Amino acid sequence: MKPQLLAACSAALLASALALPAAAQNVAIVNGKPVPKARLDALETQIKAQAARTGQPVPPEVQKQLRDEVIAREVFMQEAEKQGLQATPDFKSKMELARQSVLIGELFANYAKTHPITDEQAKAEYDKLIAAQAPAAGGKEYKARHILVDKEDDAKAIIAQLKKGAKFEDIAKKQSKDTGSGAQGGELGWAAPGTYVPEFGQALEKLKKGQTTDTPVKTQFGYHVIQLEDTRDAKAPEPPPFDAVKAQLKQQMEQQELAKYQQELREKAKVE
């Protein structure tokens, strides 16, 4: 084989070897311009991040459409550049806003990455929140019934009927305009007085077990006849286990820390 032919073959083989990795780095060639695979990777990462925030997986059909989307963007971008739209003031101002948004997003992402909330910090916050619920156990809960009507005279007539021996449940089912509790004979279940409007809660606290209000109780909803069935010491709700809320708690704490960081930057900035 002649030296010249050998050199030519070697050059061709070398060019082919180099072309393969280069082609693998592109998604496609659009109008002679390569579309780098990095764009597809970046778009896929963005889609997966959005899905993760909503707790939903990326559907397989969406992943298949990403390549077409990247190619379509290149086609549209080339046409926009052909029309010179990238030189317009409107485009430049929008690009500056986009640049700011992306850069600020990177700043906050970097802060979250370099200031992670540890499991120990999350556990300390969990214990603090659980301890804050303890005072609720010292309160009282009331089991009550009520009948709600529009007119005070109607409420007074109901009180008179009750004093004569009428059943509270029967009147509630027939006359209470609170249809939800009325269907249950006026039953409201167990609740702390503070969960009701002030006038109702205050009247409830004055009653003794088995007692009914002697006068109608006026609130923004109308006139109430209230009957107290029982009371009990309130118990703090059973907290969920730490492991069940750790991820959510850490996310909330990270958001709080990020908000503090943002405020610190604002306070340190010299604004004239």
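Please label the shape of the stretch 142-220 as rounded, prolate or oblate, based on the square roots a ≥ b ≥ c of the eigenvalues of the alpha-carbon gyration tensor (a/c under 1.5 means rounded; beyond that, a/b larger than b/c means prolate, else oblate). Note, shape of the stretch 142-220 comes out rounded. Within the chain, the selection of entire DSSP H helices by a Cα span of 20 Å or greater along the long axis and an average Kyte-Doolittle value of at least 0.5 returns 3-24. Restricting the stretch 89-174 to trypsin sites (Lys or Arg not before Pro) that sit in a DSSP loop and have at most 13 other Cβ atoms within 10 Å of their own Cβ leaves K151, K164, K167. Computed over the stretch 140-233, relative contact order equals 43 percent, with contacts defined as Cα pairs under 8 Å that lie 6+ residues apart. Hydrodynamic estimate: the Kirkwood radius of the stretch 24-85 over Cα pairs, inserted into Stokes-Einstein at 4 °C and 1.567 mPa s, corresponds to D of 101 µm²/s.
Quick one: check the C-alpha center-to-center distance for the stretch 30-85 versus the stretch 161-208, whole angstrom. So the separation of the two Cα centres works out to 61 Å.
For the pair A131 and Q184, what calculated FRET efficiency results from E = 1/(1 + (r/R0)^6), where r is the Cβ-Cβ distance and R0 = 51 Å, to the nearest 0.05? Mind dumping the intermediate values first?
On the way: r = 36 Å, r/R0 = 0.71.
Efficiency, from the Cβ-Cβ distance: 0.90.
Just subtract the alpha-carbon distance of R232 and K82 from 0.36 nm times their residue separation and send over the number in nm, one decimal.
46.2 nm
Would you mind computing Rg(Cα) / (2.2 N^0.38 Å) for the chain, counting N as its residues?
Details: Rg = 35.3 Å, N = 272, 2.2 N^0.38 = 18.5 Å.
Here the answer is 1.91, to two decimals.
Gain in length, Y111 to K156, computed as 0.36 nm per residue apart minus the alpha-carbon separation, to one decimal in nm? Don't jump to the answer; show the numbers that get you there.
Working: separation 45, 0.36 × 45 = 16.20 nm, distance 6.49 nm.
Once the chain is fully extended between Y111 and K156, it gains 9.7 nm.
Label-to-label distance for A166 and E69 is 6.6 nm, based on points extended 7 Å past Cα in the beta-carbon direction.
Among A203, A98, A38, the largest mean-square fluctuation in a Gaussian network model of the chain (Cα springs under 10 Å) belongs to A38. Extension gain for T219 to N31 (0.36 nm times residue separation, less C-alpha to C-alpha distance): 60.3 nm.
Just checking the listed ones, L43, L97, L129: in the Gaussian network model of the chain with Cα springs under 10 Å, the one fluctuating most is L43.
Coordinate-derived values only; no laboratory data. What you see is a predicted model, and the numbers here were worked out from it, not measured in a lab. Using ideal geometry, Cβ is built from the backbone for each residue, glycine included, and neighbour counts are taken over all protein chains shown.
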